[in-house]
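*Asks:* Sharing a structure, written as structure tokens. Questions coming.
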Amino acid sequence: MNIGLKGRTSIAILVVVAFTAGILSATMGANWFGAGDRAATPARAVPADLQRTDVSAATFEDAFVSTAERINESVVQIRSEQVRRLPGTRNVNPFEGTPFGEFFRMPDQQPQEFRSEALGSGVVIRSDGYIVTNNHVVDGAEELQVVLANGTFHKATVVGKDPESDLAVIRIDADGLRAVPFGRIADVRIGQWVMAFGSPLAAELGNTVTSGIVSALHRTSPNLTRLNLFASFIQTDAAINPGNSGGPLVNLAGELIGINSAIYSRSGGSQGIGFAIPVDVVESVTRQLVENGSVERGFLGVNFDAVSPALSQAAGVPRGSAQVTAVTPDAPAAEAGLREGDIITHIDGRELRSSEELRTTIGNMAPGDRPTLTVHRDGGTREIAVRLGKRSEFLAQAAENQPAEGAGEDALESMGLTLQALDAQRAESMGLENGTRGVLVTAVDAASDAYRSAELRQGDVIVEAGRKPVRSVQDFREVVEASEEGKPFMVKVLRASQGQVRTFFTALTRPG
């Protein structure tokens, strides 16, 4: 995955508070409320850094209540109207080419237009009407309406969108709103209480509040990369459902620590595994969207991959390291002396937990930043400082250096797609039916229409294009060749997730 061009992811004490009267154990009650001298079991010492004073069930409950009261004033419901257009298709005349052909000519099907309403959430970040939400909540919307906690409706306009981080800023014509304060990602801890806000499932469930803990930090994976190229997610078990997207995740101090973005679920509803975009990413992206309407990211210029167990053991490097598989000529990485085969283990002294963190860390830095990479090479370790370039400039250069568009590989690249034939082993691992033929999407540019409008993702399998079966990359290429520039054609897609395979149709357009 090319970080620049392709866009590719204490010992804690758990205090369980039972909210039903009389169910606090003597030992836990003694330890927590400082009543060890009244309990039959001697109280155990609590480490100094975990001691609490003046704590009671009432004050613990009050923390949730007061936070909900404050934050709910900043939470909004976002209603969008989207229009999806599917191209028309040519009806097949079974008698075409025969003397009866003219008698059985059938009119072609006309393009179809579907209007749908979508529901999402957001949170006020400035008192003069600026609101942050997920990009997927507002992307493609022809009309946006915001409902405040007091029930008033406001028309909203888009200030800026960043598909790569799945964040967007919208604005309403209002002033004196309560803005949510930003927390610090460095203060977020696994096991701490958090609250999620939003409008799950239905408009009448606006300003729903759920609670849970931070289940994990720095979550990255190929699956999560499909959702967000540049976030190491916060994982939480606070209930998050469709419609919660774009709503805030806050700590009990009432500070924003993340924007709810996605869930892992086999049912489509909350199963205790939700993900939020961390506050440091939210703060950086929203500031740039408000000031400039777009986001500028740092660029390193390497392709990389995960380190296998065998390589990790042989080289003596952590499993989360990233091995450099290619270096972009004239990019910052090349100028700093990075080479193919190098293994990056740390960035600014922090060990990579996953190779995907190379992309998320660099992607959230600014052009001109100078991170220091710890690199394993030829049995030794060295520190390499890199001055990051502008990602947008290198993307533009890459586009300029592409040969003139025509049939073949370049046409696919211009659409933002990298494809390969689906082999039997991969089809079996995805749970596809025996004998399934198609092409595998191995990469899709997050800035392309294939990603943003057609909603194709890495790992999808295209089995039909232009109403024709696709068994190879050449089959797909021929459909692209035959299509008119600027005119969409239908694509049938298989998507495997959580042991299930979903079939859906979308439309792609050959660039004009």
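*Asks:* Could you give me the radius of gyration and the Dmax of segment 180-309, taking only the C-alpha atoms into account and expressing both in angstrom?
*Replies:* Cα-based Rg and Dmax for segment 180-309 come out at 15.4, 50 Å.
*Asks:* Let me ask something else about it. Could you compute the net charge surrounding GLN145? Neighbours are other residues with a C-beta less than 14 Å from the C-beta of GLN145; K and R count +1, D and E count -1.
*Replies:* It works out to a net charge of -2.
*Asks:* Would you kindly give the portion of the calculated P(r) for segment 298-392 that falls above 18 Å, as a percent of all Cα pairs?
*Replies:* Tail of P(r) above 18 Å: 37 percent of Cα pairs.
*Asks:* Taking the Cα centre of segment 298-392 as origin and charging only Cβ (+1 Lys, Arg; -1 Asp, Glu), how large is the dipole, in debye to the nearest 20?
*Replies:* 160 debye
*Asks:* Within the set of other residues whose C-beta is less than 11 Å from the C-beta of VAL188, count the net charge using Lys and Arg as +1 and Asp and Glu as -1.
*Replies:* On the way: positive: ARG184, ARG189; negative: ASP187, GLU255, ASP280.
After counting each charged neighbour, the total is -1.
*Asks:* How big is D, in µm² s⁻¹, for segment 404-509 by Stokes-Einstein at 4 °C and 1.567 mPa s if Rh is the Kirkwood radius over C-alpha pairs?
*Replies:* Values: Rh = 13.7 Å.
Here the translational diffusion coefficient equals 95 µm²/s.
*Asks:* Calculate the spin-label point distance for THR59 paired with ASP378, positioning each point 7 Å from the Cα along the beta-carbon direction, and give it in nanometres.
*Replies:* Simple spin-label model gives 6.2 nm for this pair.
*Asks:* Applying a 10 Å radius around every beta-carbon, put 377-386, 125-134, 500-509 in order of their mean neighbour count, most first. Could the numbers behind the result be given before it?
*Replies:* On the way: 377-386: 12.8, 125-134: 22.0, 500-509: 14.3.
The peptides rank, most packed first, as 125-134, 500-509, 377-386.
*Asks:* Under the definition of Cα pairs under 8 Å and six or more residues apart, what whole-number percent is the relative contact order of segment 298-392?
*Replies:* Relative contact order, segment 298-392: 32 percent.
Read the figures in this text as sums done on the coordinates, not as results from a lab. As the structure is a prediction and not an experimental result, all values here were calculated from the model. Quick reminder, even Gly has a Cβ in these numbers, built from the backbone with ideal geometry, and neighbours come from all protein chains shown.
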